[in-house]
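I have placed the structure first, in the form of structure tokens, so that the comments after it can refer back to it.
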Amino acid sequence: MSHRPGSTPFVIVGGGVAGVAAATTLRQEGFGGRVVLVSDEHAMPYRRSPLTKGYLRGESSREDLLIHRREWYRDAGVDLLLGARATRLDRARKVLEVRGHGTFGYDRLVVATGARQQEPTLPGAFVVRTIADADAVRDAARTARDAVVVGAGYAGSEIASSLAWLGLRVTLLGRRSAPVPLLGSSAGAWLASRAARVGIDVRANVGPVAVEGRGPRRTITAGPVTLEADLVVQATGAAPRVRLARDAGLAVADGVLVDTHARSSDPDIAVAGDAARFAGPTTGTHVRVGHEATAAGLGVLAARTLLDRSSGPIDMPRYTTELFGVELQVTGFPDLADEVVELESGDQRALWVYGRDGRLIAAAGVGVAPRLRGS
Ligand SMILES: Cc1cc2nc3c(=O)[nH]c(=O)nc-3n(C[C@H](O)[C@H](O)[C@H](O)COP(=O)(O)OP(=O)(O)OC[C@H]3O[C@@H](n4cnc5c(N)ncnc54)[C@H](O)[C@@H]3O)c2cc1C
């Protein structure tokens, strides 16, 4: 396909799975104009989900994480700007300012700025958001013996599991009564028993956490709990990166608000991935989903919408996580449920279904593939 390098570009801000899915879709749909993909990271666009799992355990390489190899961008005629932060979006002039790279006029634009860590980092704690973060934890884990992971959602539970698998003594601190609280108390109890089985010491209902000490050994306090560790990892949640969109006057409320087709309050701008809060077709409310397949799906949808191609609304979220020695598959919106039914909770198999206002809205299961497998 020939591309028109001189034309006003289609600009995508953010080189995560959502932004890359949008760029890929533009070419798959036959768009022949210029495409510019702006990423403030220096690494080639990669998937984050292995960072807490196989990559942390040393089972996969940087290459394995790449969404596309470098040649793909060249062959597809996608201008990939790395280490390039978009600093200002002027919607009236349809111009994007990119630090160190000047300004780009655009016809249509996708915001795919993703998410960032929500809370300030505890002193001396590691976080896992980027590939460099995961490398740092992997390095520290080589010499550490005792690890404390702060935050018992998906990411914290995955990190704790990987560190335990690497042979560290791991304590997992959660603010609620069980790991992965969004799945409800019965799934949480089942997961807590799995955590114990792989040797992870789960401390529930802990208060605010403080970390003290210098050098390799740290003291961690959380209410009455006091622990010593030589590796502290914080995984206390993510928040959407919305500053660029908000400063440009787009509607924002815990995510940039978009319709069921990822279009923002500006018809020439779509928003994809973790930065978007979209009108969920099955929930009747706006939702934000921090999962890979949905982020990529929104990227596809955003590109198609701005090309005026018809497409159905975004699918229900589907994701797989590896924690406490099991693979858990989830589909739908368990966090919005007003009722949870445990259908099975055996040793190797478990299944929970979630309802809201009498309608089924989610399911989560272990060992029930292929019935639930989707991503
Ligand atoms: C450690 C970890 C483990 C995960 N595990 C799973 C999992 O097991 N299963 C699952 O389904 N999901 C998982 N997720 C969530 C999943 O990775 C995200 O939903 C997905 O990465 C979102 O993609 P995105 O493209 O919207 O945003 P991101 O991946 O956050 O990418 C956004 C990109 O935009 C860049 N950016 C932001 N602002 C600017 C700007 N102004 N200018 C230029 N660039 C900018 C960011 O630096 C980043 O590179 C995990 C996430 C993390 C962090």
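Determine the calculated [θ] at 222 nm for the chain from helices alone, applying -39500 (n - 2.57) to every DSSP H run no shorter than 4 residues and normalising by the residue count; nearest 500 deg cm²/dmol.
Values: 8 runs with 81 residues, N = 375.
It comes out at -6500 deg cm²/dmol, rounded to the nearest 500.
Take the solvent-accessible surface of the protein heavy atoms, probe 1.4 Å, and return the percent of it on segment 116-262 that carbon and sulfur atoms account for.
C and S atoms contribute 51 percent here.
With a cap of 13 neighbouring Cβ atoms within 10 Å, and only residues DSSP puts in a loop, list the trypsin sites (Lys or Arg not before Pro) found in segment 4-71.
Arg69
Counting only Cα atoms, I'd like the Rg/Rh figure for the chain, Kirkwood definition for Rh.
Rounded to two decimals, Rg/Rh equals 0.98.
Provide the gained length on full extension for the span Asp335 to Ala189, in nm with one decimal, where the gain is 0.36 nm per separating residue minus the Cα-Cα distance.
Gain on extension, Asp335 to Ala189, equals 50.9 nm.
Suppose R0 equals 35 Å; then what is the FRET efficiency for Glu212 and Arg70 from their Cβ-Cβ distance, rounded to the nearest 0.05? Please list the in-between numbers first.
Working: r = 44 Å, r/R0 = 1.26.
Result of the calculation: an efficiency of 0.20.
Rounded to the nearest 5, what % of DSSP beta bridges with both residues in the chain are antiparallel?
On the way: 49 of 82 bridges.
Here the share of antiparallel DSSP bridges comes out near 60 percent.
Give the dimensionless ratio obtained when the Cα radius of gyration of segment 110-256 is divided by 2.2 N^0.38 Å.
Dividing the Cα radius of gyration by 2.2 N^0.38 Å gives 1.12.
Normalised by the empirical 2.2 N^0.38 Å for globular proteins, what value does the Cα Rg of segment 325-366 take?
Numbers: Rg = 10.4 Å, N = 42, 2.2 N^0.38 = 9.1 Å.
For segment 325-366, the normalised Cα radius of gyration comes out at 1.14.
Using a ≥ b ≥ c from the Cα gyration tensor of segment 171-221 (square roots of the eigenvalues), is it rounded, prolate or oblate, where a/c under 1.5 gives rounded and otherwise the larger of a/b and b/c decides, a/b for prolate?
It is oblate, given that a/c is not under 1.5 and a/b is not larger than b/c.
Taking only protein heavy atoms and a 1.4 Å probe, what accessible area per residue, in Å², does the chain have with all protein chains in place?
44 Å²
Set the Förster radius R0 to 41 Å, insert the Cβ-Cβ distance between Ser177 and Val95 as r into 1/(1 + (r/R0)^6), and round the FRET efficiency to 0.05.
0.25
For segment 191-231 and segment 110-127, compute the distance between their C-alpha centroids and round to whole Å.
Centre-to-centre (Cα) distance: 21 Å.
Take the alpha-carbon centre of segment 92-107, take the same for segment 325-352, and report the distance between them in whole Å.
46 Å
Given 0.36 nm per residue, what is the gain on full extension from Ala239 to Thr219 after removing their alpha carbon distance, in nm?
4.4 nm
The values are calculated or read from the model by the stated rules, or taken from the named source; none is laboratory data. Note that the structure is predicted; figures quoted are calculated from it, not measured. All Cβ positions, even for glycine, are placed from backbone atoms using ideal geometry, and neighbour counts span all protein chains on display. Ligands, DNA and RNA are stripped out before the accessible areas are found, and what is left, the full protein with its side chains, is counted by its heavy atoms. Shrake-Rupley method; radii C 1.70, N 1.55, O 1.52, S 1.80 Å.
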